[in-house]
Amino acid sequence: ETSGEKIRVGFSQAMSNDDWRRSMNNSMLLQASLNPNVELIIRDANYDVEKQIDQLEELIKDSLDIIIVSPIQSKPITSVVEKALELGIPVLVVDRKTEDQKYTAYLGADNIEVGRNAAKEIISSNSNDTIRIVEIKGLSGSSPAEERSIGFNQIINKYNNANVVANIEGDWEKESIQKKLKVILSDNANINYVFAHNDRMALGAWEVARDLGQEKKINIIGVDGLTGFNGGIQAVEDSKLTATVLYPTGGAEAIKLALRILNKESVPKNNILSTTIINEVNAEIMKNQFDRINEQQGNIQQQITEISDLEERYYAQSNFLKIAMTL
Ligand code: FRU
């Protein structure tokens, strides 16, 4: 990079229209804005795999300095990521993985551990009784869905009294699971636990249980643990969810890591964000902590806006002075 030239970071986001991904985009934009040399270009693939491939092709054609991608599904995105690498553009894969290890670096929480955390929460809160579970999966072919399921079943399979009695193939959105869950719960299956791979589907499951009058007897566990009105932490506080497993977006970390890569620093291949269980014991604490962070982010954002307003006024005034002096 020659000095004064912008560093252009391109991000292909699987889709931008849910709270988790909006929060990820916001923290990326905020982190990028702290560095005036960085231009962050976010493209929304809107859950369309073909569109995401085209988008990545375009980012390659536009010679971005680095590409960040959250793949909708692993397999279809793998070869275009390899192509970028071959052309000398580093690729940082976030949240969902591609099929092989051919990327510059990966950043995200360990989704096998996410699944294990959910299973441990179930086992520890209900050690002797019979545990009958419905597992609601995320979009098949996306790595968090595969890995959360692996981790979850690893732990559950160790206990004779715990069984996954039904699986539902979801797509991360609640509409995909509600009819099927209704059939299962209406069938007198004595379900006492639901593990849904994210909070949106978990809250969809809660609606179904409530409509059937079973919300008191079924314990629902989700993943994400966002703050805010619609978030998983609030749902735990409202006793809709028994627990949620924190899945941090890593937005700020992604930008920091991208800049380190561009700076030719050596970075770990796999960069693992930490996860933890959020239940009634710590929901309030977690909420307060995240609210504080959000407040601080808001303050930073405001200061950045004020600084750029000041800069504009300064330039306007000095231009005015220059003109005045030539008169
Ligand atoms: C957001 C989301 C999250 C989930 C993640 C998995 O689009 O569905 O709810 O944890 O993607 O990649």
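Between residues in segment 69-93 that are free of Cβ contacts under 8 Å to residues at least 40 places away in the same chain and open to solvent by 20 Å² or more (accessible area, probe 1.4 Å) and residues that are within 15 Å of the ligand (Cβ to nearest atom) and assigned to a helix (DSSP H, G or I), which pairs lie under 6 Å by C-beta distance while being six or more apart or on different chains?
Here the result reads P76/V49, each pair linking segment 69-93 to a residue that is within 15 Å of the ligand (Cβ to nearest atom) and assigned to a helix (DSSP H, G or I).
In the list I304, I278, I261, which residue meets the criterion of being assigned to a helix (DSSP H, G or I), open to solvent by less than 80 Å² (accessible area, probe 1.4 Å), in contact with a Ser or Thr (Cβ under 8 Å, 6 or more places away or on another chain) and more than 18 Å from S27 (Cα to Cα)?
Sole residue among the options that is assigned to a helix (DSSP H, G or I), open to solvent by less than 80 Å² (accessible area, probe 1.4 Å), in contact with a Ser or Thr (Cβ under 8 Å, 6 or more places away or on another chain) and more than 18 Å from S27 (Cα to Cα): I261.
List the residue pairs whose Cβ atoms are under 8 Å apart, where the first residue sits in segment 106-119 and is assigned to a helix (DSSP H, G or I) and among the β-branched types (V, I, T), the second is open to solvent by less than 10 Å² (accessible area, probe 1.4 Å) and away from the ligand (no atom under 13 Å from the Cβ), and the two are 6 or more positions apart or on different chains.
Hits for this filter: I112/G151; V114/G151.
Considering only residues that are touching a residue at least 60 places away in the same chain (Cβ under 8 Å) and under 24 Å from S125 (Cα atoms), look in segment 135-157 and name the one that is nearest to the ligand (Cβ to nearest atom).
If we take residues in segment 135-157 being touching a residue at least 60 places away in the same chain (Cβ under 8 Å) and under 24 Å from S125 (Cα atoms), then R148 is nearest to the ligand (Cβ to nearest atom).
Does I67 satisfy the criteria of being part of a strand (DSSP E or B) and of a type in the set (A, V, I, L, M)?
yes
Just to be sure before I move on: is S27 open to solvent by less than 40 Å² (accessible area, probe 1.4 Å) and either within 16 Å of the ligand (Cβ to nearest atom) or part of a loop (DSSP other than H, G, I, E, B) (or both) in the structure I sent?
Yes: the conditions hold for S27.
Which residue pairs have Cβ atoms under 6 Å apart, sit 6 or more places apart or on different chains, and have a first residue in segment 180-203 that is over 20 Å from R148 (Cα atoms) and a second that is within 16 Å of the ligand (Cβ to nearest atom)?
K180/I168
Going by what's in this entry, would R132 be described as in contact (Cβ under 8 Å) with a residue 60 or more places away in the chain, away from the ligand (no atom under 13 Å from the Cβ) and of a type outside the set (V, I, T)?
Yes.
Out of segment 234-250, which residues are more than 15 Å from G222 (Cα to Cα) and either over 15 Å from the mean Cα position of the chain (by Cα) or surrounded by fewer than 23 Cβ atoms within 10 Å (Cβ to Cβ) (or both)?
G250
In segment 12-28, which residue that is in contact with a strand residue (DSSP E or B) (Cβ under 9 Å, 6 or more places away or on another chain) and in contact (Cβ under 8 Å) with a residue 60 or more places away in the chain is nearest to G225 (Cα to Cα)?
Selected residue: W20.
Only one residue in N230, N160 is within 14 Å of the ligand (Cβ to nearest atom), in a loop (DSSP other than H, G, I, E, B) and polar (S, T, N, Q), so which one is that?
Every option except N230 fails the conditions.
The values are calculated or read from the model by the stated rules, or taken from the named source; none is laboratory data. From a predicted model like this one, the values you see are computed outputs, not experimental measurements. As a convention, Cβ positions derive from the backbone with ideal geometry for all residues, glycine included, and neighbour counts pool all protein chains shown. Accessible surface areas use protein heavy atoms only, side chains included; no ligands, DNA or RNA. Shrake-Rupley method; radii C 1.70, N 1.55, O 1.52, S 1.80 Å.
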